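> Handing you this structure, nothing more for now.
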Amino acid sequence: MTTLELTATAATLLSGGKGLLAMDESVATCYTRFAQAGLPRTPELRHAYREWLVTTPGLGDFISGAILHDETIRQHTADGTPLVQLLDKAGIIAGIKVDAGAQDLAGFPGESVTAGLDGLRERLAEYRRLGARFAKWRAVITISDELPTSGCIQANAHALARYAALCQEAGLVPMVEPEVLMDGDHILQRCGQVTEDVLRTVFHQLHTQRVALEGLILKPNMVVPGAACPKDEPADAVADATLTALLRTVPAAVAGIAFLSGGQSGQAASAHLNAMHTPHRPRVPWPLTFSFARAIQQPALEIWHGETAQVPAAQKALLHRARCDAAARRGEYTSELERADAWTRGGPS
């Protein structure tokens, strides 16, 4: 695939005022969320969950792409229809998570580097045959008084760049996800400083590995205080800090930016994205959208509770969060729109 074709795919993913649904949880992560919701941890229930996610009526009105796990991209409905085909029918482009998770970084206590480069070229070719048109690789960066180290940032940035180059070689749009974690009690400004350091290093490595930025989507964290920070910050402060970090570090040639939620609640993630799109904010050279996982899925998962009869209500909850996030992308997210989910409390649909 040429750079022009990669750019066209990236543009489609970022167009129409839509965002992306991250449903690429590993089996272990999926089971953790099931356990938190009081659900049995079985392969059958895992399959049922993913199936009703992708068959949610109207999901394609707000979602342009879905990031899948290796297991999901190979799954079918009871009548043999591939889940990828159902996504395509809904106008949703299939993507695939291709990293093998974070592992301890030798010589750097408390830090990790993402594995998965071995055999990646062959896996990418297979995923493209299975219907994927973009891929995702996540690196995790921890903040503490001493962390992150330059060695950790460099190692993860290099892996992200090599992954991105292999994706473009295989005809897949790389989604590059350097996540500065919310874990900790650090303040907003500290998150902003680390986020800038990470992004500068990532784009230096992408340049070194000859990655075409026009055919790449960045999936960064928002600049927020640590989850244990005693000082809360308003949405305007998060928006200002996030846009400042991006404008200082991200080249204008990048196709677009799709934020991760990173442990934020659905409402907080929507409010922060919305604040970035208010008229008085500085103009940015890239489309800004969302690529949320728990922030979209969690209310639906809790309503479903593994019961077939609850699938329609769960799908409404999923669609509601997607609608709120799409509105936030336009700067039109409001408390009135958020309250439109009265049906989740037993009110009218």
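The values are calculated or read from the model by the stated rules, or taken from the named source; none is laboratory data. If you're wondering where the values come from, they're calculated on a predicted model, not measured in any experiment. Every residue, glycine as well, gets a Cβ built from its backbone with ideal geometry; the counts of neighbours run over all protein chains shown. Keep in mind that these areas ignore ligands, DNA and RNA; they rest on the heavy atoms of the full protein, side chains included. Shrake-Rupley method; radii C 1.70, N 1.55, O 1.52, S 1.80 Å.
> Just from its helices, what would the mean residue ellipticity at 222 nm be for the chain, if runs of 4 or more DSSP H residues each count -39500 (n - 2.57) and the sum is divided by every residue, rounded to the nearest 500 deg cm²/dmol?
Taken over the chain, the calculation gives -14000 deg cm²/dmol.
> List the lysines whose Cα lies under 23 Å from the Cα of K316, skipping any in the same chain that are fewer than 8 positions away.
Partners within reach: K18, K89.
> On the full set of protein chains, 1.4 Å probe, figure out the accessible area of H320 and give it in Å² to the nearest 10.
About 10 Å², ignoring ligands and nucleic acids.
> May I ask you to order 130-136, 142-148 by the average number of other C-beta atoms within 10 Å around their residues, highest value first? Don't skip to the end; give the middle numbers.
Details: 130-136: 23.1, 142-148: 15.3.
Per-residue Cβ counts within 10 Å, averaged per peptide and sorted highest first, yield 130-136, 142-148.
> Leaving ligands, DNA and RNA out of it, report the carbon-plus-sulfur percent of the accessible area of the chain at a 1.4 Å probe.
Numbers: 7490 of 14530 Å².
Roughly 52 percent, rounded to a whole number.
> Let me ask you something else. May I ask which residue of I93, A35, L6 lies farthest towards the positive end of the charge dipole of the range 1-106, with charges of +1 (Lys, Arg) and -1 (Asp, Glu) on Cβ and the Cα centre as origin?
Going by the Cα projections, it comes out as A35.
> How far, in nm, would the chain grow between H280 and R248 when pulled straight, counting 0.36 nm per residue and subtracting the alpha carbon separation?
Roughly 9.7 nm would be gained on extension.
> For the range 97-159, with only Lys/Arg (+1) and Asp/Glu (-1) charged at the beta-carbon, what is the dipole magnitude about the Cα centre, in debye rounded to 20?
640 debye
> Counting only DSSP beta bridges with both residues in the chain, tell me the antiparallel percent, nearest 5.
Working: 4 of 33 bridges.
Around 10 percent of the beta bridges assigned by DSSP in the chain are antiparallel ones.
> What is the extension gain from R129 to T334, computed as 0.36 nm multiplied by their sequence separation minus the C-alpha to C-alpha distance, in nm to one decimal?
69.7 nm
> Can you give the relative contact order of the chain as a percent, counting alpha carbon pairs under 8 Å and 6+ residues apart?
Details: 661 pairs, mean separation 60.9, N = 349.
Relative contact order comes out at 17 percent.
> What is the dipole size for the chain, taken about its Cα centre, with +1 at each Lys and Arg Cβ and -1 at each Asp and Glu Cβ, in debye to the nearest 20?
700 debye
> Moving to a separate point now. Accessible area per residue of the chain at 1.4 Å probe, in Å²?
I get 42 Å² per residue for this part.
> Can I ask one more? In debye, nearest 20: dipole of the range 194-349 around its Cα centre with unit charges on the Cβ of K, R (+) and D, E (-)?
In total the dipole reaches around 320 debye.
> Excluding A322 itself, what net charge comes from residues whose Cβ is under 10 Å from its Cβ, given Lys and Arg +1 and Asp and Glu -1?
Neighbourhood net charge equals +1.
> Scan around H76 for amide H atoms under 5 Å from its own, H built in the peptide plane at 1.01 Å from N, and keep only partners 5 or more places away or cross-chain.
Placed amide hydrogens put L83 under 5 Å from H76.
> Using heavy-atom solvent-accessible surface (probe 1.4 Å) with all chains present, what is the largest-first order of D185, D118, D99?
D118, D185, D99
> What is the extension gain from A8 to R200, computed as 0.36 nm multiplied by their sequence separation minus the C-alpha to C-alpha distance, in nm to one decimal? Show your work: numbers first, answer last.
Details: separation 192, 0.36 × 192 = 69.12 nm, distance 2.56 nm.
Extra length from A8 to R200 when fully extended: 66.6 nm.
> Could you state the number of Å between the C-alpha centres of the range 107-178 and the range 266-337?
Answer, in whole Å: 26.
> Need one word for the range 1-106: rounded, prolate or oblate. Basis is the Cα gyration tensor (sqrt eigenvalues a ≥ b ≥ c); a/c below 1.5 gives rounded, then a/b vs b/c decides. Could the numbers behind the result be given before it?
Details: a/c = 1.94, a/b = 1.28, b/c = 1.51.
Here the range 1-106 falls in the oblate category.
> What residue among H280, F259, N156 has its Cα farthest toward the positive end of the dipole of the chain, where the charges are +1 on Lys, Arg and -1 on Asp, Glu, each on the Cβ?
Final value for the positive-end residue is H280.
> Ordered by residue, what ³J(HN,Hα) values in Hz, to whole numbers, does the range 307-317 give under the Karplus form 6.51 cos²θ - 1.76 cosθ + 1.60, where θ = phi - 60° and Gly and Pro are x?
Calculated HN-Hα couplings, in order: 9, 4, 5, 8, 4, x, 5, 5, 5, 5, 5 Hz.
> Return a whole-number percent for the relative contact order of the range 76-175, with Cα pairs under 8 Å and 6 or more residues apart as the contact set.
29 percent.
> Label the chain by shape, choosing from rounded, prolate and oblate, from the square roots a ≥ b ≥ c of the eigenvalues of the Cα gyration tensor; if a/c is under 1.5 it is rounded, and otherwise prolate applies when a/b is larger than b/c, oblate when it is not.
rounded
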